[in-house]
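> Once you've had a glance at the structure underneath, I'll fire off some questions.
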Amino acid sequence: MPVVVLGGIYGGVFTPTEASVIAVFYSLIVGMFVYRTSSLADLWRVLSCTAVSTTVIIFVIATAGLFAFLITRSGAPAATGNWVAATLNGPLMFLIGVNPFLFVLGMFIETGAAIIVLALILAPVAVQFGIDPVHFGIIMVVNLALGMITPPFGVNLFAACTVAKISYERIVPAVLPFVVVVVVACLAVITFVPQLSLLLRDLAYR
């Protein structure tokens, strides 16, 4: 399965979302016809549990999407982004200020909506400060993605609780050390060592 899924993604055959569908059908075929550990009765039980879990996750995502829509309609992200761009002078101060801004914003607003709203505001400022647009794009995506797994409002945490069938109170203490390590170490390296993010691009398009 890893060969099929990862090979298809990196080979450009299908997207990560489509890869999840491929993985499901691969598991179904192997379980029912190769190892013969699953029957039609098991399939009905699996589909029923999947429907319940998916409904809960979609409800959480829909609620978060509505909240993000209301925040976006209020103009708060755009106003804050304009303030950040106008207040922070110099590339170093801009990066130091924009990281926590995007990180906190990622806890409340869906990643796609945040990128659409803020990319047009922050990206030109980053380029003006001499920051590579690809590098800044990576910083933006990583910050927003981290916000989605950060308590108390990380949308992905609620989805993980549903899939793992554990309480939110139980998952928060376990995820906090990982969030701290990723934010302090990984995000700092990505932000202040741009060569790490741009190495493959520079080698490919030299």
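What follows draws every value from the coordinates through simple rules; no lab data is involved. Small disclaimer: the values here were computed from a predicted structure and weren't measured. All Cβ positions, glycine included, derive from the backbone under ideal geometry; neighbour counts span all protein chains shown.
> Report the calculated FRET efficiency for F14 and F192 (r = Cβ-Cβ distance, R0 = 41 Å), to the nearest 0.05.
The calculated FRET efficiency here is 0.75.
> Turning to a different aspect of this structure: Multiply the residue separation of V24 and R36 by 0.36 nm, subtract the distance between their alpha-carbon atoms, and state the gained length in nm to one decimal.
2.7 nm
> Whole Å is fine, so just give me how far the alpha carbon centre of region 122-164 lies from that of region 27-75.
Value for the Cα centre distance between the two parts: 24 Å.
> Based on the mean of other Cβ atoms within 10 Å per residue, sort peptides 197-206, 76-85 so the most packed one is first.
Highest mean packing first, the order is 76-85, 197-206.
> Right, another one. Find the relative contact order for region 1-146 and round it to a whole percent, using C-alpha pairs within less than 8 Å whose residues are 6+ positions apart.
Rounded, it is 19 percent for region 1-146.
> Sort 151-159, 35-43, 135-143 by packing, meaning the average of other beta carbons within 10 Å per residue, with the highest value first.
Per-residue mean Cβ counts within 10 Å order the peptides as 135-143, 151-159, 35-43.
> Could you work out how far apart the two model spin labels at A78 and I58 are, taking each label as a point 7 Å from the Cα in the direction of the beta carbon, and quote it in nm?
Roughly 3.1 nm, to one decimal.
> Still on this structure, please answer the following. Using a basic spin-label model with each label point 7 Å from the Cα along Cα→Cβ, how many nm lie between I121 and A86?
Those two pseudo-labels are separated by 1.1 nm.
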